[in-house]
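Notes for the one structure printed next.
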Amino acid sequence: MSHSVEVYAPQNWTVEQWNFVVWSEGAPSNTFGRSYATADWLLTQTAVRPLVGIVCGSGLGGLADLLKDQVAFNYRDIPNFPQSTVHGHAGRLVFGTLKGRPCVCMQGRFHLYEGYPIQKITLPMRIFKLMGVETVILTNAAGGLNQDYKVGDIMIIKDHLNMPGFAGNNPLAGPNDERFGVRFPCMSDAYDRELQQLAVDVGTELGYRDFLREGVYCVLGGPSFETIAECRMLHKLGADAVGMSTVHEVIVARHCGMRVFALSLITNQAVMDYDSEEKANHEEVLQTGKQRAEQLERLVSTMVTRIEYNNNYS
């Protein structure tokens, strides 16, 4: 195992003790044990020691194809890993280098609406941490609530509204494992401001300012798209875009002490008018992803080369 994992391991534990923690029903350290075992398994299968973890949203899996010297695993072949069930999510974990930087990329993520417990859909974030990842970059497809947004805009997420969390559905609910983070983590700095500024700078250099935005992302449970009344309410609450992912991963990543940067690709305009004939649909989401994917990939890959590593972020 790499040093980044060993710092979390209890001293003098035997393999039998680890196996007990991983597989015992109801063991208090079960999540840590499963995360540790999976990270250990992955690191024995590849020489890449990733510093950046990238999560690809609907239609945005092409980011992983940019990695050089790839070592890829289907989710179904990874111990303890959930399975992606959504069209547009390939379901692969890809290791490699992006312009010389060691990375791991999720081609497809997991959602509440797939029926997984919230702790399971965020398990990859803890596995990232135990593999040595310092910075997490998340992308998603989202509906635009801000009336100034256009389909194809890229929104830098500066903050979020966690609607499932208002009802107590938070990935940190239950016993806290201090090996990952504190009981009550701060979320006012969930999205790293330096990385937001870096995205603006890189986007300006690449000529993307006409479609690069900054805004607030709201997560809902899904899988049904929002009603008109819901869209109007969320917009009044301050949300610029709405989707069904990302926020839960952000909370766990920050709990683990990783830096977080996130982007939304605005793939449809949320319906806000009862006279409108428009209807949200998943095919439109995937099509917009294809059209803008190359530019989004260039933005992210350029950012990765400029991120500074080996700092103590918390």
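The values are calculated or read from the model by the stated rules, or taken from the named source; none is laboratory data. Just so it is clear, the structure is predicted and the values come from calculations on it, not from any experiment. All Cβ positions, glycine included, derive from the backbone under ideal geometry; neighbour counts span all protein chains shown.
Data for the structure
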{"quantity": "Qualifying residue in region 34-46 (condition: outside any strand (DSSP E or B), hydrophobic (A, V, I, L, M, F, W, C), without any contact (Cβ under 8 Å) to a residue 12 or more places away in the chain and out of contact with any strand residue (DSSP E or B) (no Cβ under 9 Å at 6 or more places or on another chain))", "calculated": "no"}
{"quantity": "Residue match in region 244-261 (condition: farther than 30 Å from ASP177 by Cβ and either without any contact (Cβ under 8 Å) to a residue 60 or more places away in the chain or of a type outside the set (A, V, I, L, M, F, W, C) (or both))", "calculated": "no"}
{"quantity": "Residue that is surrounded by the most Cβ atoms within 10 Å (Cβ to Cβ), among those in region 252-295 that are of a type in the set (Gly, Ala, Ser), modelled with pLDDT under 95 and under 21 Å from LEU220 (Cα atoms)", "calculated": "ALA270"}
{"quantity": "When residues of region 166-183 are limited to those that are under 17 Å from the mean Cα position of the chain (by Cα) and closer than 24 Å to GLU230 by Cβ, the one surrounded by the most Cβ atoms within 10 Å (Cβ to Cβ)", "calculated": "PRO171"}
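Residues are listed down the side, and each one gets a yes or a no for (1) within 29 Å of ALA142 (Cβ to Cβ); (2) at pLDDT below 85; (3) buried (at least 17 other Cβ atoms within 10 Å of the Cβ):
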position: THR14; (1), (2), (3): no, yes, no
position: SER29; (1), (2), (3): no, yes, yes
position: ILE54; (1), (2), (3): yes, no, yes
position: ASP65; (1), (2), (3): yes, no, no
position: PHE73; (1), (2), (3): yes, no, yes
position: GLN83; (1), (2), (3): yes, yes, no
position: GLY91; (1), (2), (3): yes, no, yes
position: GLY100; (1), (2), (3): no, no, no
